Amino acid sequence: MASREAILALADGRIFRGRAFGAIGETVGEVVFNTAMTGYQEVLTDPSYKGQLVCMTYPEIGNVGVNLEDEEAASVHVEGFIVKEYISRPSNWRCEMALGDYLERAGIVGIEGLDTRALVRHIRQAGAQEAVISSVCLDPAELIAKADRSNAVAIPYFTPANDNVPTSLRLRAHCRALLRRLVAGLSPRSVSCDTT
């Protein structure tokens, strides 16, 4: 099967080219990294990653597939997933499906085949910033502009007087994710602002 090209464009103009896996589409968020050698499924379903494009630093991701018992939450919370090498044929007795199929089912865009070490080094030196992953638009200038527009979204840290911190943080993350998509010119995904 031929692989589809994808691009990761950072707001500061840096471009990384790779191949799409998971859902075909476009997504925007703050690019961050995770250094864990295992537990990628737990990272994907961790609510603290809402609104973020997560880059895994371990070079091979997908080896064990996905097991629904290992989810941290009932849904995937990352906006996008970045890996060096995606393993499409998992080998684990607990595996229920391949990682790419899991991401596709959740509507999460992934990119593989890029230099994740260079990306992490760049993030550490240039600082946190917005980025776009796209497998539908391959125009670097357009993608950089979308990431830059998304970078302009500033959501104040507010907490209503009688609200607890986890609820306000969850609401803020959902609202930031929705605003990032709208400002970048992307259609909103199903974003729930239910804080109960």
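Read-outs throughout are calculated quantities, based only on the coordinates presented, and are distinct from any laboratory measurement. What you are looking at is a predicted structure, and each value in this text was computed from that prediction instead of being measured. Ideal geometry is used to build each Cβ from the backbone, glycine not excepted, and the neighbour counts take in all protein chains shown.
Return the long-range amide H neighbours of Glu96 (sequence gap of 5 or more, or a different chain), with a cut-off of under 5 Å between placed amide H atoms.
Val66, Asn67, Leu68
Find the centroid of the Cα atoms in the range 103-151 and in the range 25-97, then give the distance between the two in whole Å.
That distance is 15 Å.
What is the calculated FRET efficiency for Ser88 to Arg117, with r their C-beta to C-beta distance and R₀ = 30 Å, to the nearest 0.05?
Calculated value: 0.85.
Full extension from Asp139 to Cys95: what is 0.36 nm times the residue separation minus their Cα-Cα distance, to one decimal in nm?
Full-extension gain reported as 12.2 nm.
Compute the Rg/Rh shape ratio of the range 1-160: radius of gyration over Kirkwood radius, all on alpha-carbon atoms.
Taking Rg over the Kirkwood Rh, I get 0.96.
Given R₀ = 35 Å, what would the calculated FRET efficiency be for Ser75 paired with Ala126, taking r from the Cβ atoms and rounding to 0.05?
0.70
Work through the residues other than Arg94 whose Cβ is under 12 Å from its Cβ and net out their charges, Lys, Arg +1 and Asp, Glu -1.
Summing Lys/Arg as +1 and Asp/Glu as -1 gives -3.
Using θ = phi - 60° and the Karplus curve 6.51 cos²θ - 1.76 cosθ + 1.60, what whole-Hz ³J(HN,Hα) does each residue of the range 120-133 get, with Gly and Pro shown as x?
4, 4, 5, 4, 5, 7, 8, x, 4, 7, 7, 8, 10, 10
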